[in-house]
Amino acid sequence: PISYGTPLLSLNSRDNLLTYTEQFDNAAWTKAAATITSTSVVDPLGGSTAETIAIASGGRVVQAVSGVIANTNYTLSAWVKKSSIGGATAIRLTTNNTLAYNTGFSQKFTLTSEWVFISATGVITSGTSINNLFGSLDVAGNIDTDCIGNVDIWGAQLEVGSTAKPYQRVGAATDFDF
């Protein structure tokens, strides 16, 4: 008899651990000292699904993800650009476990007037739930004043591994592109 096991590769897999990856105004994204000021910015693909985040001092847009594995590489990424309404000259991608600072990684990126894909990779040193934030805080919770102001953002992604894969849109947990 022939035995069939679990397939090695699912053609319907979801790699992006975030949800509402083009909808930062959704409740899945917690806003602290940050507001979504526009939800119809032209995105990198020519659509109108990018958004503008107004980041105040200490501001950030955060999504928590459960079920992560400590001491594992994760890559956080997005498309960003300097907003046409002015503001920030940089943005930080920062990830920490949900209980403490200095448990993840942070990287600062300079903004330009063109869409740029940015990604930061690092190890989450402890915990099983992490906060993924776009804003003005570094891994220790210090405020970076270069990151205060308006930023256009689109296509957030968090994935296991040390290399950013092609972007995967995710709405709700079961609503995603392949």
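The values are calculated or read from the model by the stated rules, or taken from the named source; none is laboratory data. It should be emphasised that the depicted structure is a prediction, and the values quoted were computed from it without experimental measurement. In this analysis, Cβ positions are derived from the backbone assuming ideal geometry, glycine residues included, and neighbour counts consider all displayed protein chains. Side chains are part of the model used for accessible areas, which takes the heavy atoms of the whole protein and leaves out ligands, DNA and RNA. Shrake-Rupley method; radii C 1.70, N 1.55, O 1.52, S 1.80 Å.
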Filtering the range 91-105 down to residues that are in a strand (DSSP E or B) and either under 15 Å from S66 (Cα atoms) or basic (K, R) (or both) yields R92, T95, N96, N97
Somewhere in the range 95-110, is a residue crowded, with 17+ Cβ neighbours inside 10 Å and closer than 19 Å to I36 by Cβ?
no
Among the numbered conditions (1) farther than 17 Å from Y74 by Cβ; (2) open to solvent by less than 60 Å² (accessible area, probe 1.4 Å); (3) at pLDDT 95 or above, tell me where G141 comes up short.
(3)
Report whether or not A28 is modelled with pLDDT of 95 or more, aliphatic (A, V, I, L, M) and under 21 Å from N96 (Cβ atoms).
yes
K165 fails exactly one of (1) touching an Asp or Glu at 6+ places or on another chain (Cβ under 9 Å); (2) more than 28 Å from I85 (Cβ to Cβ); (3) outside any loop (DSSP other than H, G, I, E, B), namely (3)
Can you find even one residue in the range 135-144 that is touching a residue at least 12 places away in the same chain (Cβ under 8 Å), out of contact with any helix residue (DSSP H, G or I) (no Cβ under 9 Å at 6 or more places or on another chain), among the charged types (D, E, K, R) and outside any loop (DSSP other than H, G, I, E, B)?
no
Anything in the range 47-68 that is open to solvent by 20 Å² or more (accessible area, probe 1.4 Å) and either without any contact (Cβ under 8 Å) to a residue 60 or more places away in the chain or in contact with an Asp or Glu (Cβ under 8 Å, 6 or more places away or on another chain) (or both)? List them, or say none.
G47, S48, T49
When residues of the range 26-37 are filtered for being more than 13 Å from the chain's Cα centre (by Cα) and buried (at least 19 other Cβ atoms within 10 Å of the Cβ), how many remain?
1
Just one listed residue, out of S84, S77, S40, is in a strand (DSSP E or B) and open to solvent by 40 Å² or more (accessible area, probe 1.4 Å), and it is S40
Consider K108 against the criteria (1) under 20 Å from V41 (Cα atoms); (2) touching a Lys or Arg at 6+ places or on another chain (Cβ under 7 Å); (3) of a type outside the set (A, V, I, L, M, F, W, C): it satisfies all of them except one. Which criterion is unmet?
(1)
Checked S113, S126 against criteria (modelled with pLDDT of 90 or more, part of a loop (DSSP other than H, G, I, E, B) and not hydrophobic (A, V, I, L, M, F, W, C)); the one match is S113
